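Below is one structure, written out as C-alpha cells; comments come after it.
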Amino acid sequence: MKSPIYYGNSMRRVFIPGERLLLEAVDFENLQVGDIVTVQRNQSPQYVHRIIQKNAASAVTQGDNNPEPDQELLTPDCYFRRVTAAVGKNGKIRRVSGGSCGLKKFRSNQKKMRRRQALGALLRKSEKFFFWRQTLSEYKCFGSEKCYYWHEKPILRQTPGRQIVYAKWFYRLRFTIKDILPPPESANAASGKNQTSALLMDFLRELVWQDAKKWYTQLSSAEQEEFFAQLNKKHLQAIAYWGLNNVLPAEKQEQWRIIYQSFSIAALKNRAALDKLRAVFEQEKIRFALIKGLDLAFRCYPAPALRKFIDWDILIHPADQLRALEVLKKENWVTPFGYELPDSHHHFQLHCKDGFYLEPHKMCSHFDNVDPLEFWQQCKPLAPAGMEHVLSNELRLLVLTRHAAGNHYRHVPVTKLLLDSAYICQQGVNWQALRNLSDRWNFPYSGNLLAAWPEFFPARLIQEIAPDEEQVKNIRCLLNFQQDLKKIHSTEWLMNQDRGPVLPYIISHIKSMQPSILRRKYNLPEQGAYIRVGIMYVWDMSVKAVLFARFKLFPHQGLEQYRDMVDKIEKDKKSK
C-alpha cells in the first residue's frame, strides 16, 4: 500500500486535504482503540478511519466526522496500516495521536460535529425570516449542477436533487436563489433511473434475459466509458466480468477478473464454513433455513460470486432457537458486541467465528404480523427427515419485496432488487400462489412493486405477474416523490415515521436512555466515569428536547403527503 494522499470529509480537522499520510505495518493485536488506520478491501477505494471499539476478533471503525460507525468490521485478514503522521505540502511532518489520546480527540470531534449540525439546521430553519437576502441570477452549468456567482465570485451551487450548497456558511445570510431545478420526470424515477442509469439498466436486462455480449459490442466508445463508470460506482465489476468475459478491453478484463476471482474464493470459503455449521445443526436436530443474500447466492444466482453478502442470515425454527444459541456457544461462535437485543427484534445478536458473521433469525424482517409457525409451513425440508429447509420461490419474492419496502420504501435497493427477483423468476414462480400468500398475511402483492420497472422485465413476464395498474402507478409516484424529500434529516424521518399520540413516543424514548446505551453511544467506559455519564444524560436529554421541538412539533410539510402515499400502497393490500 503506497503512502496515500488524504482527501474527503470523514477525518477533516485531523488531516488537511492534500496531506500525505505516513503509514506503518502493525499486527492486529497491537492496534489500540483510538488508533487511525487505512483500510483497503479487494479493489474498493482505500479509506482512513479511527478504531473506536476492538476485541480479539474484530474492530469497529468510524470517521471522526461521520455520524455512524462503518458497517463492515475490521478483522485481522483485512489489509490495513496504522497512520503515524501526516506530511503537509511544505514538507513538515505532523504526528497524529492514537490510543487513549486519539479516542479523546474522536469524542471531541464528534461533539463539534453535532454542534455544527444543530447550528446549521437552526440556520436553515430561520432562512424564511431573512428578508434582506439578495437573489442571485448569474450562474453557469457544470454537468448537471448550477453554480451561482456574485461579481464573478462563486457563492453557491444547486445539485440535481434541488439541494443548495453554499461555498461558505455565512453566504446563507446574504444570498439566495429564486429558480429551482424541476423535479425529475416521474417515469425516470419510477423506473429507478434516479438510482440506476439507463445504460446500466439496459445491461442488467440483457444480462439476465437476453445477450449482454451482443448488446455491449454495439455501444460507442463514449457509451462504454460511461458504462464502466456506472459499474464502478455500483460495484458491479464481478457481474460484468461474468457476463462480458472475452469482449471487454484487456485492461478491464484483467482488473475485473481479479475482483471476480476474489469473490469466488470468498464464496468457496463461506460454503466450506457453512457446510460445517450445517452438519452441526443436522447432528443436533436444529431446523434451519438460509434466507436473504446467503440463500440467493447459493441457490438462485448462476454463480455465488455474483451475489455479495456480508453475513449469514439463517432462520431458526421457533422450537429450536434456544438450543441453537447453546450449540453456537459450544462451537465457539462468539458475540463481538456483547449486548442483548430486545425480545421483539427479529434476530438474535451477531455471532462471529473465524472471520465469518452469523445472524440467527427468529423471523424475517417486516413479518411482525405473521405467526412464525405459519411461516415455517411454507418452508420445505431439503431432504426427507432433514433439518435444513428451503423457502419456496413465492416466499423468497415476498421476503425480498417486504425487505425493500422497509422504512416506508425510503431505501429501495433498485439494482439488487431487480437482479434478485429476476433470478428467482427464472426458477419459476406461481403468481397466483404468491397473491394468495400476500392476501393471507395482509401484505401488498409483490408483483406490483416489480412491475414498477417495465423496462427491465420482459413483457411476457409482466403479463404473467398481472399487476394492479393503479398500485403500480402509486409506487412510481412514490419513488418520484422521494426526490423532494432527500434533504430531510434522518432524525426527522424517525420521529415522524409513525402516526399516533405524542406522549407514548416521549415515554418510550426516555425509557431507552439506559446507562449501558449511553456508554456505548458516547464511547464511555463500561464501568465508572459516573460524572461523565451524568453529563451525557443532561446533554442527551437537551438534544432530544431540541430535536423533538424541531421535528415532532413542526414536521416537514412533505412528510404527511409521503405517508399518505405509503398508506395508499400498504393498506390497499388485497390483489384484484
* Asked: Using alpha-carbon pairs under 8 Å, 6+ residues apart, how would you state the relative contact order of the chain in percent?
  -> 10 percent
* Structure fact -> Checked against the positive end of the charge dipole of the chain (+1 on Cβ of Lys and Arg, -1 on Cβ of Asp and Glu, about the Cα centre), the farthest of 274, 67, 546 is 546
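Cα convex hull of segment 362-427: how many Å³ per residue? Please list the in-between numbers first.
Numbers: hull volume 6.2 nm³, N = 66.
Once divided by residue count, the hull of segment 362-427 is 94 Å³.
Only bridges whose two residues both fall in the chain count here: according to DSSP, what percent of them are antiparallel, nearest 5?
On the way: 45 of 55 bridges.
If I count the DSSP bridges inside the chain, around 80 percent turn out antiparallel.
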* Asked: At what distance in nm do the modelled label points of residue 377 and residue 252 sit from each other, each positioned 7 Å from its Cα along Cα→Cβ?
  -> 5.1 nm
* Asked: Amide H neighbours of residue 136 under 5 Å, counting only residues 5+ apart in sequence or on other chains, H built in-plane at 1.01 Å?
  -> 176, 177, 178
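How much length is gained if the chain between residue 466 and residue 310 is pulled fully straight, taking 0.36 nm per residue apart and subtracting their Cα-Cα distance, in nm to one decimal?
Values: separation 156, 0.36 × 156 = 56.16 nm, distance 3.43 nm.
That pair, residue 466 and residue 310, stretches by 52.7 nm at full extension.
Which value in Å is the Kirkwood Rh of segment 248-353 over different Cα pairs?
Numbers: mean 1/r = 0.0637 Å⁻¹.
It works out to 15.7 Å.
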* Dipole magnitude of the chain about its Cα centre (Cβ charges: Lys, Arg +1; Asp, Glu -1), debye to nearest 20 -> 2620 debye
* Asked: residue 266 to residue 392: FRET efficiency via 1/(1 + (r/R0)^6), r the Cβ-Cβ distance, R0 30 Å, to the nearest 0.05?
  -> 0.60
* What is the spin-label model distance, in nm, from residue 16 to residue 56 if the labels are put 7 Å beyond Cα along the C-beta direction? -> 4.4 nm
* segment 20-120: Rg to Rh, with Rh as the Kirkwood radius over Cα pairs -> 0.98
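Could you grab the relative contact order for segment 20-120? Cα pairs under 8 Å, six or more apart, rounded to a whole percent. Don't jump to the answer; show the numbers that get you there.
On the way: 174 pairs, mean separation 33.4, N = 101.
Over segment 20-120, the number comes to 33 percent.
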* So, with +1 on the Cβ of K and R and -1 on the Cβ of D and E, and no other charges, what is the size of the charge dipole of segment 270-363 about its Cα centre, to the nearest 20 debye? -> 280 debye
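What is the Cα radius of gyration of segment 130-177 over 2.2 N^0.38 Å, N being its residue count? Walk me through the intermediate numbers first.
Details: Rg = 10.2 Å, N = 48, 2.2 N^0.38 = 9.6 Å.
This ratio for segment 130-177 stands at 1.07.
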* To do: Describe numerically, in nm with one decimal, the distance between label points set 7 Å from Cα along Cα→Cβ at residue 79 and at residue 273.
  => 2.0 nm
* Asked: Across segment 9-26, in residue order, what do the Karplus-derived ³J(HN,Hα) couplings come to in whole Hz, using 6.51 cos²θ - 1.76 cosθ + 1.60 with θ = phi - 60° and x for Gly and Pro?
  -> 10, 5, 10, 5, 6, 8, 10, 9, x, x, 6, 9, 8, 9, 10, 9, 6, 8
* **Fewest-first ranking of 334, 14, using other Cβ atoms within 10 Å as the exposure measure** => 334, 14
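Here, each number is a calculation from the coordinates, and none is a lab measurement. A quick note: this is a predicted structure, and the numbers were derived from the prediction, not measured. So basically every Cβ, Gly included, is an ideal-geometry build from the backbone, and we count neighbours across all protein chains shown.
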